[in-house]
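Taken together, the values in this text are just the output of simple stated rules run on the coordinates, not laboratory data. All of these numbers come straight from a predicted model, not from anything done at the bench. So basically every Cβ, Gly included, is an ideal-geometry build from the backbone, and we count neighbours across all protein chains shown.
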Amino acid sequence: MNNKEAANVLQMVRKASPLVHNITNVVVTNFTANGLLALGASPVMAYAQEEVADMAKIAGALVLNIGTLNQTEVEAMVIAGKAANEAGVPVIFDPVGAGATLYRTETARNIVRDVAVSAVRGNAAEIANVIGETWEIKGVDAGEGSGDVVALAKKAAKQLKTVVVITGKDDVATDGETTYIIHNGHPLLTKVTGTGCLLTSVIGAFAAVERDVLKAAAAALVSYGVAAEIAAEIAGEQGPGSFQIAFLDALSRVGAEEISQYGRIEQGE
Ligand code: ATP
Ligand code: TZP
Ligand code: MG
Ligand code: MG
């Protein structure tokens, strides 16, 4: 995967405008829908147990996010996930807050047990907790010790038999064999709620058009990170509010030229 291939996948997203079915949290719902629209995808949020299977089957990707979980919704996620599996629709999972409470940790582990997920995206602590590893939450260090994070991501990918994406200052995407480290992004992303959740849904949009989920994830990460850098350049000095708006604009504008200029994808060990 290089910048050119990443830009090609982004172009495919814009051309196909895939339907991304999100069962996500109440904090990020609007931002996620707007972010997917800005990128060129088609978002839908559908949570009712009565309809999630039908929606998941016709989607290009299903995104499950446990940010504000409750049992009815978790059951809907499993129904949707199983329907997506039957229909060959990729399922992307964001285990928000795994490790923070027992309920979140157990729910995250149950979802990866009951649903065949194509990719899991979270911060290092969340991914560690999904696979039963202890991970000291070291604040900013969690994303800085990229050696440890790569090892953790590979271990998780092998254990879960799926693509694993760990984000932070640098982002790691791996299937356990091939690993990409993406050095794009901007610290202001940490000052806007939902940028991780939106990224998980953006990976869904890319996975809808590129069946190699590792490539899809790497392409999503570089496109997203470059968009953040463009937004910070334009509005960063004004603060997180202006950055958030500029970031949505940048998601709609980022393309081959910007990715070739700013994209920093490293092939890892
Ligand atoms: P957390 O709860 O740890 O903030 P999250 O789910 O919000 O996790 P992040 O790891 O913050 O997800 O990732 C969201 C986006 O922010 C990614 O594109 C990532 O590359 C970017 N990002 C996070 N931290 C930094 C940083 N310090 N510098 C640059 N980009 C960052
Ligand atoms: N509380 C529950 S979910 C959520 C908050 C603040 C949003 C988390 O979003 P992200 O993308 O992990 O920052
Ligand atoms: Mg964050
Ligand atoms: Mg998150």
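What residue among Ile66, Ile203, Ile58 has the largest mean-square fluctuation in a Gaussian network model of the chain, using Cα springs under 10 Å? Of Ile66, Ile203, Ile58, the Gaussian network model singles out Ile58 as fluctuating most. Among Tyr224, Tyr47, Tyr103, the largest mean-square fluctuation in a Gaussian network model of the chain (Cα springs under 10 Å) belongs to Tyr103.
Return Phe247, Phe206 ranked ascending by Cβ neighbour count within 10 Å, so the fewest neighbours appear first. List each step's numbers first, then the result.
Numbers: Phe247 29, Phe206 32.
Result, fewest neighbours first: Phe247, Phe206.
Once both labels are positioned 7 Å from their Cα atoms along Cα-to-Cβ, the gap between Thr68 and Gln238 label points is 2.7 nm.
Exposure proxy shown here: for Asp175, Asp212, the number of other Cβ atoms within 10 Å sets the order, fewest to most, as Asp212, Asp175.
Less than 14 Å apart at the alpha-carbon level, and either on another chain or at least 8 residues along: which aspartates and glutamates does that give for Lys4? Output for Lys4: Glu257, Glu258, Glu266. Partners of Lys169 within straight-line reach, counting lysines whose Cα lies under 17 Å from its Cα and excluding those fewer than 8 residues away in the same chain: Lys138, Lys191. Taken along the Cα-to-beta-carbon direction at a fixed 7 Å, the label points for Arg113 and Ala151 span 2.8 nm. Rounded to the nearest 500, the 222 nm mean residue ellipticity of the chain from helices alone is -17000 deg cm²/dmol, with -39,500 (n - 2.57) taken per DSSP H run of at least 4 residues.
Of all lysines in the structure, the ones whose alpha carbon falls short of 26 Å from that of Lys57, not counting any fewer than 8 places away in one chain, are Lys15, Lys82, Lys161, Lys215.
Put in line by how crowded their Cβ is, counting other Cβ atoms within 10 Å and starting with the fewest, Arg14, Arg121, Arg104 read Arg14, Arg104, Arg121. For a Förster distance of 30 Å, can you work out the FRET efficiency between the beta-carbons of Leu37 and Lys158, rounded to the nearest 0.05? The pair Leu37/Lys158 has a calculated efficiency of 0.25. Between Glu269 and Ser252, what is the spin-label point distance in nm, taking each point 7 Å from the Cα along the Cα→C-beta axis? Those two pseudo-labels are separated by 4.5 nm.
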